[in-house]
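Before any comments, here is the structure.
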Amino acid sequence: MHKMQEQINKPIFMVGSPRSGTSILTWCLGRHPNIFVVDESTGIGELALALAVCYQTKMGLGPDSLWTAMNVQQEEFIAAFGRTINELIQHHNVDLERKWWEQTFSPNVPPHDFVAEKATNLTKTRWVDGTPAYSFHICGLRKLFPNALFIHVIRDVTSVVRSMLNFHRLAGVSLVADEQEAYNLWFHSVSACLLAEQAYGPEVVFRLRYSELVNQPEALLGALLTFLGEPYAPECLIPLRKRINSSNVPADFKLGEPGTDPLVIERATRLYEEIETTPQPSEASTTAADQIEATFKAQTNHRAILRDKYAKEHARAQRLANEIQRKRATIRTLQARRWRHKLRQFVFGQDVVP
C-alpha cells in the first residue's frame with residue numbers, strides 16, 4: 001500500500017520565470033492520459049513554510065511536545081500533510097475538469113464530451129501545477145512531496161521582459177511595474193531554479209529550454225516524458241499547434257526604459273549567456289543542497305519570529321483593550337454612583353451622606 005501511494009504521490013511542478021512558457025507546457029502535460037492539470041494554486045509553497053513554523057514553534061520543540069516524545073521529525077511531519085493534499089487533489093480532479101469545461105463553454109450546459117473526459121480523468125494518477133512563483137518554494141515542496149519532480153523552463157531574458165511589460169494586454173493588469181523589475185524577477189526566479197538543479201540533480205529537476213519546445217517539440221516532449229517516467233503520448237503536442245496565452249507584444253515594441261539600471265540588465269543577460277553555454281549539472285551537489293536547506297530554515301525562522309512578534313503584539317493589544325474596558329466600567333460605576341447620590345440629595349435633602 002505504501003509503495004502504491006509513493007507511485008501515485010508524484011506531482012509535477014512547472015517552475016521558472018513568469019512568461020517563460022510554463023503555462024503552455026502545463027497544458028501539454030495535461031493532455032497526457034495519466035496527468036491532469038491543477039490551476040495555479042499559489043498557496044502550497046507557503047503552506048510548507050507554515051507547517052515548518054508550526055512544527056518548530058508549537059509541536060517539535062520542548063520535552064513536553066507530543067512529536068518530540070514520539071520522535072516525529074520535521075520531514076515526516078510535513079510529508080504527512082503532503083499526502084493529504086495529494087489525496088484531496090486526486091479525489092476532486094473531476095471537479096477541476098468540470099470547472100474548465102464551464103469556463104470554456106457554458107456554465108449551465110457542459111458539452112457531451114465532458115462525460116468522456118470525466119471518465120478519462122478518473123483514471124489519471126498524477127497532477128501538474130504550473131505556478132511560476134513556486135520557483136522560490138522548491139525546497140518546501142520537496143518536503144511536502146518527497147517524490148515530486150520539477151521542470152525548469154528557461155526562456156531568453158529579453159523575450160521574457162518584453163512579454164512581462166505587455167502582460168496587461170492579455171490580463172488587463174500589469175505583471176511588473178517597470179523594465180527593471182522585470183529583469184530582476186527573471187534573474188531571481190531563474191537563480192532559485194538553478195540552485196535547485198544543483199541541489200537535487202537531473203533526476204529531480206529537468207531543465208527545459210523554451211527555444212527547443214518551439215523548434216523541436218516532439219523530441220523535447222519525448223525526453224520530458226521519459227524523465228517523468230511516463231509513456232510518450234502524441235496528444236501532448238496538441239496545445240502547441242496554436243499560440244496560446246501570448247502577451248501580444250507589438251512588433252515595434254522596444255526595451256530601454258529611462259531609469260533602468262544598466263547593471264541589472266547586465267546581470268540578467270550574463271546569467272542567460274552562462275546558461276546557454278553551460279549544461280545542467282549531471283549530479284546533485286551537497287553544497288547546493290545545504291544552501292537551499294539553509295535558505296528554507298532562514299525563511300522558517302523569519303516567519304517564526306514574525307509570528308512570535310505578532311502574538312506578543314496581539315497579546316499586548318488585548319491587554320490594553322481589557323484595561324480600557326475595565327476603566328470604562330469603573331467610570332460607568334462612578335457615574336452611576338454620582339447620579340444616585342444626586343438623586344438622594346434631591347429627594348431627601350442636602351444633608352444626606354452618600
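Taken together, the values in this text are just the output of simple stated rules run on the coordinates, not laboratory data. Note that this is a predicted model, so its numbers are computed, not measured. Ideal geometry is used to build each Cβ from the backbone, glycine not excepted, and the neighbour counts take in all protein chains shown.
Worth pointing out:
- Taking the listed residues A284, A288, the one that is within 24 Å of P18 (Cα to Cα), surrounded by 12 or more Cβ atoms within 10 Å (Cβ to Cβ) and not basic (K, R) is A288, with no other qualifying.
- Test result for P250, assigned to a loop (DSSP other than H, G, I, E, B) and within 19 Å of S191 (Cβ to Cβ): no
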